[in-house]
Amino acid sequence: MTQSTPFRGIIPPMITPLRPDFSLDIAHTERLIEHLIDGGVHGIFILGTTGEFAGLSSAVKSDLIQITCQQVKGRVPILVGVTDCSFTESVDLAAIAHKSGAKAVVAAPPFYMNIGQAELFHYYQKLADVVELPLFLYDMPSHAKISIEVETAVKLSKHPNIIGIKDSSGKIENFQALCDAFKQQPEFKIFVGPEELLAETLKIGGDGGVTGGANLFPKLYVALYEAFEKKEYDAVKKFQETILFLCSNLYQNGTYQSSYLKGLKAAMSFEGLCEDNFALPLFSYTQSEKSILSSKFLLVKERVRQSFN
């Protein structure tokens, strides 16, 4: 399969708005999609880590894919996460994505069985053979227990249906190695996950960011990307510093391993973009924790406003 969609830029890993009973919050889903598109994003990625895919029922996943595609109406490309420990479940989810009008699927390694690079290569080859949409690899070693090594990514890129990778290793040297390895394959797209590295990865050859904070302030992340495209590097530096300020104030509260997602969803609830309901085993901040976060969020909002002046 050839790549027909120009994947690039800021593609937020959309949070999944949930109701208290863990069903999909359709009204907030539609509102959030419009917020992202109004913010100028270049695509939307659903059912990733930030979208809590591992805790969602198959019914919620199916509903989210169909509603997102219906709401977007082709205005930006939709990428759908199909990561699962079951190969069959991933294939079935990819089929729903294809039928609904998504443009690509994204898969992290299956995360329960102990596997090595040979099994990982075989898995992705089989997945790419079967799915009808272009496939992005998703390197998320902190959650999947295994890294997609650069050599494995290079081998997999020979498959005509594997078109890129999202690097969430958090290691700039890994991203640099990917860019070096694919210097002669510009059609193979390389995106960064951690937004703390967004500006740096663009400078070394990245194609964009799948950045969680763009759920909240899409215009900020799009402005950084567009400033880089225009070679306005002072503006890039200013926007990146604002992003780092956001990360330090919203993602690092409390001692939870899940503080990134807790902080992001709570901050979005302050803006009316979702309710801060989570799929188990996650749970939201307490009222006292939200009160502390609310004060920090006001500082972040002001910093974002100032960065456009």
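Here are some notes:
- Checked across region 287-308, the condition of being small (Gly, Ala, Ser), touching a Lys or Arg at 6+ places or on another chain (Cβ under 9 Å) and surrounded by fewer than 19 Cβ atoms within 10 Å (Cβ to Cβ) holds for no residue.
- Qualifying positions in region 170-187 - assigned to a loop (DSSP other than H, G, I, E, B) and crowded, with 20+ Cβ neighbours inside 10 Å: PHE182
- The residues in region 160-169 that are open to solvent by 10 Å² or more (accessible area, probe 1.4 Å), in contact with a helix residue (DSSP H, G or I) (Cβ under 9 Å, 6 or more places away or on another chain) and within 23 Å of GLY212 (Cβ to Cβ) can be counted, and the count is 2.
Condition check ((1) outside any loop (DSSP other than H, G, I, E, B); (2) surrounded by 24 or more Cβ atoms within 10 Å (Cβ to Cβ); (3) without any contact (Cβ under 8 Å) to a residue 24 or more places away in the chain) across all residues:
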| residue | (1), (2), (3) |
| --- | --- |
| GLU200 | yes, no, no |
| LYS219 | yes, no, no |
| VAL236 | yes, no, no |
| THR242 | yes, no, no |
| GLY254 | no, no, no |
| GLN257 | no, no, yes |
| ALA266 | yes, no, no |
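- In region 145-154, the condition of being within 26 Å of GLU195 (Cβ to Cβ), open to solvent by 40 Å² or more (accessible area, probe 1.4 Å), touching a helix residue (DSSP H, G or I) at 6+ places or on another chain (Cβ under 8 Å) and polar (S, T, N, Q) is met by at least one residue.
- Only one of the numbered conditions (1) in contact (Cβ under 8 Å) with a residue 60 or more places away in the chain; (2) touching a helix residue (DSSP H, G or I) at 6+ places or on another chain (Cβ under 7 Å); (3) aliphatic (A, V, I, L, M) is violated by LEU261, and that is (2).
- Residue in region 110-128 that is open to solvent by less than 10 Å² (accessible area, probe 1.4 Å) and part of a loop (DSSP other than H, G, I, E, B) present: no
- All positions within region 12-48 that are assigned to a loop (DSSP other than H, G, I, E, B) and touching a strand residue (DSSP E or B) at 6+ places or on another chain (Cβ under 9 Å): PRO12, MET14, THR16, PRO17, ASP25, GLY39, GLY40, VAL41, HIS42, GLY43, LEU47, GLY48
- Test for ILE146: is it more than 30 Å from GLU271 (Cβ to Cβ), hydrophobic (A, V, I, L, M, F, W, C) and in contact (Cβ under 8 Å) with a residue 60 or more places away in the chain: no
- Residues being more than 17 Å from ILE46 (Cα to Cα) and assigned to a loop (DSSP other than H, G, I, E, B) - total across region 136-169: 11
- Output for region 55-101, where each listed residue is open to solvent by 50 Å² or more (accessible area, probe 1.4 Å), part of a loop (DSSP other than H, G, I, E, B) and among the hydrophobic types (A, V, I, L, M, F, W, C): CYS85
The values are calculated or read from the model by the stated rules, or taken from the named source; none is laboratory data. In this text, all values refer to a predicted model and were calculated from it rather than measured experimentally. Don't worry about glycine lacking a Cβ; one is built from the backbone with ideal geometry, like all the others, and counts go over all protein chains shown. Ligands, DNA and RNA are stripped out before the accessible areas are found, and what is left, the full protein with its side chains, is counted by its heavy atoms. Shrake-Rupley method; radii C 1.70, N 1.55, O 1.52, S 1.80 Å.
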